[in-house]
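The values are calculated or read from the model by the stated rules, or taken from the named source; none is laboratory data. No experiment lies behind these values; they were computed from the predicted model shown. As a convention, Cβ positions derive from the backbone with ideal geometry for all residues, glycine included, and neighbour counts pool all protein chains shown. Note: accessible area is taken over every heavy atom of the protein model, side chains too, but ligands, DNA and RNA are not part of it. Shrake-Rupley method; radii C 1.70, N 1.55, O 1.52, S 1.80 Å.
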Amino acid sequence: MSSIPLLSFVIYGFLLLSPCNSLKDAADEGTREYFHTLKINSLPPSEVCKESSKAVNEGSSSLKLVHRFGPCNPHRTSTAPASSLNEILRRDKLRVDSIIQARRSVNLTSSVEHMKSSVPFYGLSKITASDYIVNVGIGTPKKEMPLIFDTGSGLIWTQCKPCKACYPKVPVFDPTKSASFKGLPCSSKLCQAIGQGCSSSKCTYKTAYVDNSSSTGTWATETISFSHLKYDFENVLIGCSDQVSGDSYGQSGIMGLNRQPISFASQTANIYNKLFSYCIPSTPGSTGHLTFGGQVSNDVKFSPVSKTAPSSDYDIKMTGISVGGRKLSIDASAFKIASAIDSGTVLTRLPPKAYSTLRSVFREMLKGYPLSAQDIFLDTCYDFSNYSTVAIPSISVFFEGGVEMDIDVSGIMLQYPPGSKVYCLAFAELDYEVSIFGNFQQKTYTIVFDGAKERIGFAPGGCD
């Protein structure tokens, strides 16, 4: 095998709606669809995995993307109980809080460039990870490890033997059985740049996330492989964790994909030129993909990465929203700060002016349906118990560069609580003048991260 050297909620109890047909604003065939007619279903999610029929781009390296609670995850330790929805939303809020903290840190500095230069390149994510998993081969011979993919983190890490405290019922990597594992010595220049201490002459690290989970271990370089590729990625810098805390429902670690030099996207830049994409499936019972490299389709529409974004993050400027084909009248000041495009945040957050306008128009278009008791977090909910079908308006989000993302029907409303016939608008207000575009609204789209050209693209129909 040839080698290439490298530089040394979705919520499981979620929207159980199935598209039936669409109401059009005119009878002409091909007219834009502005309302969706949906069948209401309170049955449990299917336990049969549905593979996406969408082919990946030629010349790319693709990994299957699955929800950690879904039947497509071979390392799933349990299905998601109804109570897990509240836990997912709690962690989601913590992640959002940490993103806002980062934005405020940037705003407190007199110069964004000074802020960027003052942050060490090894600064580790303090943001809780998402619920989507890829299986990655680590070591020689390779061992498949289920890792959460996360555009908000830089570090790649997996739990390793011998374990002081590791996640149960999921794979544990044994470095003593890998011919390519090389621990990073304390004396190395790389350790002196990124290490947080030494233990038995080994370079150590510790990273903590805002949901109180953490990973502690040693730095190493190792070979990473994808199951269908004929070559491996050698000398990838990873964290080998012998002590983890927090809950695992099918993952052994994290695959960081942000803009830091330690992320997998950056470490493979000489191969993929910092180009990767993903598609989040419409349900936990379906598969998506995480793809590196390949040809960019002409269907992808790009928006430039904001020059004022923190150096590790992917931010673009949101410019507007439409509901049911009606462009909302939102003052431009509501979008003065760029929006974070994040694989780990679940629900899209909007600043007060934007959210209140969206909520008002959405309620107006659903005024024929009874409002349900409101939650402090999800404040636009409907009881569809007496209906077999409902009509909900489409929602589109606009980004700089003339990009319009018409949100898939599966990303508009959230079943809450799971198993009921109560559904809520899957957006939330953020008491800060910034937007965060969450993975619930990204479903079925191909989201393209082009680091070399500093742009993010969107194309519909990326996965089933």
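Summary table
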| item | result |
| --- | --- |
| Selected residue (only one of 199, 178, 227, 245 is open to solvent by 20 Å² or more (accessible area, probe 1.4 Å), of a type in the set (Ser, Thr, Tyr) and farther than 28 Å from residue 130 by Cα) | 199 |
| Residue list for segment 181-192, restricted to those being open to solvent by 40 Å² or more (accessible area, probe 1.4 Å) and either outside the structural domain of residue 68 (by the TED database) or not hydroxyl-bearing (Ser, Thr, Tyr) (or both) | 181, 182, 183, 185, 189, 190, 192 |
| Selection count where residues are in contact with a Phe, Trp or Tyr (Cβ under 9 Å, 6 or more places away or on another chain) and within 19 Å of residue 36 (Cβ to Cβ), scope segment 353-369 | 6 |
| Single condition residue 330 does not satisfy, out of (1) open to solvent by 40 Å² or more (accessible area, probe 1.4 Å); (2) more than 30 Å from residue 148 (Cβ to Cβ) | (1) |
| Conditions (1) polar (S, T, N, Q); (2) in contact with a Leu (Cβ under 9 Å, 6 or more places away or on another chain); (3) within 13 Å of residue 341 (Cβ to Cβ): number failed by residue 415 | (3) |
| The one condition in (1) touching a Phe, Trp or Tyr at 6+ places or on another chain (Cβ under 8 Å); (2) closer than 28 Å to residue 220 by Cβ; (3) open to solvent by 20 Å² or more (accessible area, probe 1.4 Å) that residue 293 fails to fulfil | (3) |
| Test: residue in segment 94-101 that is crowded, with 20+ Cβ neighbours inside 10 Å, modelled with pLDDT of 85 or more and charged (D, E, K, R) | yes |
| Elements of type strands (runs of 3 or more DSSP E) in segment 234-353, at least 3 residues being in the same structural domain as residue 66 (by the TED database), at pLDDT 90 or above and more than 24 Å from residue 139 (Cα to Cα) | 275-279 |
| Candidate set: segment 419-439, residues that are at pLDDT 95 or above and among the aromatic types (Phe, Trp, Tyr); chosen: the one farthest from residue 256 (Cα to Cα) | 427 |
| Candidate set: segment 34-59, residues that are among the aliphatic types (A, V, I, L, M) and either at pLDDT below 75 or part of a strand (DSSP E or B) (or both); chosen: the one surrounded by the most Cβ atoms within 10 Å (Cβ to Cβ) | 38 |
| Test: residue 415 is at negative phi and modelled with pLDDT of 95 or more | no |
| Residue within segment 204-216 that is open to solvent by less than 60 Å² (accessible area, probe 1.4 Å), touching a Pro at 6+ places or on another chain (Cβ under 8 Å), of a type outside the set (S, T, N, Q) and on the phi < 0 side of the Ramachandran plot present | no |
| Residue among 287, 268, 308 that is open to solvent by less than 50 Å² (accessible area, probe 1.4 Å), among the polar types (S, T, N, Q) and more than 19 Å from the chain's Cα centre (by Cα) | 268 |
| Index of the failed condition, residue 446 passing every other in (1) more than 17 Å from the chain's Cα centre (by Cα); (2) open to solvent by 20 Å² or more (accessible area, probe 1.4 Å) | (1) |
| Checking residue 170 against (1) surrounded by 14 or more Cβ atoms within 10 Å (Cβ to Cβ); (2) modelled with pLDDT under 90; (3) assigned by the TED database to the domain that holds residue 258, the condition it does not meet | (2) |
| Residue 380 touching a helix residue (DSSP H, G or I) at 6+ places or on another chain (Cβ under 8 Å) and over 18 Å from residue 317 (Cα atoms) | yes |
